[in-house]
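The values are calculated or read from the model by the stated rules, or taken from the named source; none is laboratory data. Since this is a predicted model, take the numbers as computed values, not measurements. A quick note on method: Cβ atoms are made from the backbone with ideal geometry, for glycine too, and the neighbour counts reach across all protein chains shown.
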């Protein structure tokens, strides 16, 4: 065979080719030689000299295909008239034709590649749409498919589709269906257009099959829904609907083109769920309240895909969460309100979080609902005049964890509990209130060395920092470092003492030097006090040492906070007692005598009368000192020894006059060899008053914060509308507390008075005065 | 000895000793810090000049480093010398 163009008799070549085509298209056997010869015939016709015949070849082939398809069509019609099944017949012919036309396409490879592809329109021309696709010349395979569409599918479509729809209906009822036939027929609708690249080119499939199919599906499931509703209650209905949905989705996966899958489930959801929302919604509340997980999960699955439908469930869930949250923290009583408050809340939170994870697949909307419920519950005020206690209770809870107790606790456990308490912390609006309380309690723990471990303290501060930022914890950090610095300082002090040959009187001497501004200590509470001589020198030495180390600093001792450990040797047995410095000073006075008058003690210690009598009362309570009038008998001693652990001291129960004589109880006995004498509250600050004080100091801080925020904003903006300004201030404060609008207004007023701002001529506007 | 002190732990607070309440340069309180610092205390100490005026160390250093022929106390215009 030669590739050189030669003269060709078109009719003769075409006739040869045609007879082969008749076998190819019916998938009859064609031997290799014949195939090769026809292949080169196509080539020769296309390049023939002097006249090539590609046009003629194309036209003749087209006619051949059309005739073939028309013949097949009439054959099918004939057989159907004789009672054969249209679907099966069509499917069989299609299978043969589909493969036959593929082979034909291969045989025409030369024509396809050299002539037809070049005439094809490019993608850009198709996209801009000025080419009419009908005019286009197609490759032979494509040509075959397009004529199958025109002369076969379009003529049979009504009957085919009707049969398909019946088959689907059967399938839904669970009757056996010829799967491959249904699949194949639907596939043929897609395939005859699949060579067109664009999605919208699936027009045929869409028009003749998908649209009526969806319509039929809609009708079917609409009927199905009413049938199910009549038969079952809500939870059963949901079960059934989910089953139906699943099987319909499976069915569409099996038979339909991928673009239809989502449409089918949409139709089903609309008919069975969206149209019956009222029915489903009506059941939501009951299910939420009874927390029937299975029903809720089903409800979630049904409502989730249809957008707004879920909102009702979300709000029911939020209502429910809020209710059980409030239940968990209302009517708390007992010693440890803080503990039950936090643990109850955390328990509720954990349960609801579990519920959301298991039942609602951790859906964002439900997590949002939980957030809203939590922040409502945690910031809930029973009475609008009373500040919310959550911040305080949480701080107390942390305090109870971090404070040393007789019980040994696992550090890891504490850390875990602290970590969880941050969950609640995040919901608290009044973070600044928490900060105040926390700082106070931290100060107490640090000064009295009551922290369970410094590591736990530090990790809690870091957790707060993470949650609320550097500024929020800077004071807490400062307190922490002061304690560390003090330890170093004490080391250098004892070295300095050695160098200067200054003894410390055998006392383990230790001082915390704190920076005045960083600690929430009430300094006005200290009373005049003269140090016992034994310590006075050491204190002076320390002051000298400190002034040499740091310049320009004034050191003030806070003796009401200082404590000591004392060995009691005057009784029969010796005891080790820890107590505040004031007690120690009183007891030291009895060194050379067993009896002193109130006045004498006051002269020596310089304590105020009020403070002294409280301390003395405590010592009398403890039976360390006795009054002349109180007769000692051993039974009362033993009974009152429980006072050593004592709840709150009840001072002022003894009538102490300046002349009252106090005796050292040389017969003092205690069950324990180590005990502690409780400090006296200097100003009779009850917890209630302490809370009030803290809240009012928080209020002061808030005013300053808001004023600073207003000035910052106005300095940047120069002029601003009232509402806008208030919004920005609230935004800035959000991380610390939720300011009330009247409060912001007051701050603006105050700044106008201080001439930071002025009102401009336009309404509701302020400007900054530089 | 009837009572014997084993150990004593004192608590004391410190403040700057300064004649004024505010720094003459940044006008912030001495108990606070200069405008560049976040926390008062050791990180933002005070210094005294021989003229007895005192400032945040950061503030006076900024002043002394600014271009000028002789280094003067910004308040009394005497030669600035750090007090030992």
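Residues in the range A:568-586 that are at the interface with chain B (Cβ under 7 Å from one of its Cβ atoms) and within 16 Å of residue A:623 (Cβ to Cβ): A:568, A:570.
Of the residues that make up the range A:560-567, is at least one facing chain B (nearest Cβ under 8 Å), part of a strand (DSSP E or B) and within 30 Å of residue A:693 (Cα to Cα)?
There is at least one residue in the range A:560-567 that is facing chain B (nearest Cβ under 8 Å), part of a strand (DSSP E or B) and within 30 Å of residue A:693 (Cα to Cα).
When you check residue A:160 against the structure, is it closer than 19 Å to residue A:211 by Cβ and buried (at least 19 other Cβ atoms within 10 Å of the Cβ), yes or no? So residue A:160 passes the test.
Here residue A:589 fulfils each of the conditions (1) more than 7 Å from chain B (Cβ to nearest Cβ); (2) under 27 Å from residue A:669 (Cβ atoms); (3) in a loop (DSSP other than H, G, I, E, B) apart from (3).
For residue A:474, the stated conditions hold: it is within 30 Å of residue A:429 (Cα to Cα) and either within 9 Å of chain B (Cβ to nearest Cβ) or not in a helix (DSSP H, G or I) (or both). Here residue A:433 passes the criteria (1) within 14 Å of another protein chain (Cβ to nearest Cβ); (2) within 30 Å of residue A:372 (Cβ to Cβ) except the one numbered (1).
When you scan the range A:53-64, do you find a residue that is on the phi > 0 side of the Ramachandran plot and assigned by TED's automatic domain parsing to the domain that holds residue A:185, even just one?
Narrowing the range A:53-64 to residues on the phi > 0 side of the Ramachandran plot: none.
No: zero hits.
Mind checking whether some residue in the range A:699-718 is outside any helix (DSSP H, G or I) and loosely packed, with under 14 Cβ neighbours inside 10 Å? Taking every residue of the range A:699-718 in turn, at least one turns out to be outside any helix (DSSP H, G or I) and loosely packed, with under 14 Cβ neighbours inside 10 Å. If you take the residues in the range B:7-31 that are buried (at least 21 other Cβ atoms within 10 Å of the Cβ) and within 25 Å of residue B:66 (Cα to Cα), which one is nearest to the other protein chains (Cβ to nearest Cβ)? Taking the candidates together, the pick is B:30. Name the single residue that is surrounded by the most Cβ atoms within 10 Å (Cβ to Cβ) among those in the range B:32-61 being out of contact with any strand residue (DSSP E or B) (no Cβ under 9 Å at 6 or more places or on another chain) and at pLDDT 85 or above. Per the criteria, the residue is B:59. In the set (1) surrounded by 14 or more Cβ atoms within 10 Å (Cβ to Cβ); (2) without any contact (Cβ under 8 Å) to a residue 60 or more places away in the chain, the condition left unmet by residue A:28 is number (1). With respect to the conditions (1) more than 14 Å from every other protein chain (Cβ to nearest Cβ); (2) modelled with pLDDT of 85 or more; (3) surrounded by fewer than 18 Cβ atoms within 10 Å (Cβ to Cβ), residue A:481 lacks only one, and its number is (1).
Taking residues in the range A:497-515 that are more than 7 Å from chain B (Cβ to nearest Cβ) and in contact (Cβ under 8 Å) with a residue 40 or more places away in the chain, and partners anywhere that are surrounded by 11 or more Cβ atoms within 10 Å (Cβ to Cβ) and assigned to a helix (DSSP H, G or I), the pairs with Cβ atoms closer than 7 Å and at least 6 places apart or on different chains are A:497/A:541.
Checking the range A:721-737 against the condition returns a match, with at least one residue being without any contact (Cβ under 8 Å) to a residue 60 or more places away in the chain, part of a strand (DSSP E or B) and more than 30 Å from residue B:3 (Cβ to Cβ).
Of everything listed in (1) within 14 Å of chain B (Cβ to nearest Cβ); (2) surrounded by fewer than 16 Cβ atoms within 10 Å (Cβ to Cβ); (3) touching a residue at least 12 places away in the same chain (Cβ under 8 Å), the single unmet condition for residue A:458 is (1). Inspect all residues belonging to the range A:527-540 and state whether any of them is more than 21 Å from residue B:42 (Cα to Cα), assigned to a strand (DSSP E or B) and either in contact with a strand residue (DSSP E or B) (Cβ under 9 Å, 6 or more places away or on another chain) or in the same structural domain as residue A:585 (by TED's automatic domain parsing) (or both). Checked against the condition, which is being more than 21 Å from residue B:42 (Cα to Cα), assigned to a strand (DSSP E or B) and either in contact with a strand residue (DSSP E or B) (Cβ under 9 Å, 6 or more places away or on another chain) or in the same structural domain as residue A:585 (by TED's automatic domain parsing) (or both), the range A:527-540 yields no hits at all.
When you scan the range A:531-550, do you find a residue that is within 18 Å of residue A:443 (Cα to Cα) and out of contact with any helix residue (DSSP H, G or I) (no Cβ under 6 Å at 6 or more places or on another chain), even just one? Within the range A:531-550, none of the residues are within 18 Å of residue A:443 (Cα to Cα) and out of contact with any helix residue (DSSP H, G or I) (no Cβ under 6 Å at 6 or more places or on another chain). Applying the set (1) facing chain B (nearest Cβ under 8 Å); (2) at pLDDT 85 or above to residue A:465 leaves exactly one unmet item: (1).
Yes/no matrix, rows are residues, columns are (1) modelled with pLDDT of 85 or more; (2) under 60 Å from the mean Cα position of the chain (by Cα); (3) not assigned by TED's automatic domain parsing to the domain that holds residue A:165:
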| position | (1), (2), (3) |
| --- | --- |
| A:78 | yes, no, no |
| A:84 | no, no, no |
| A:92 | yes, yes, no |
| A:100 | yes, no, no |
| A:108 | yes, no, no |
| A:114 | no, no, no |
| A:132 | no, yes, no |
| A:135 | no, yes, no |
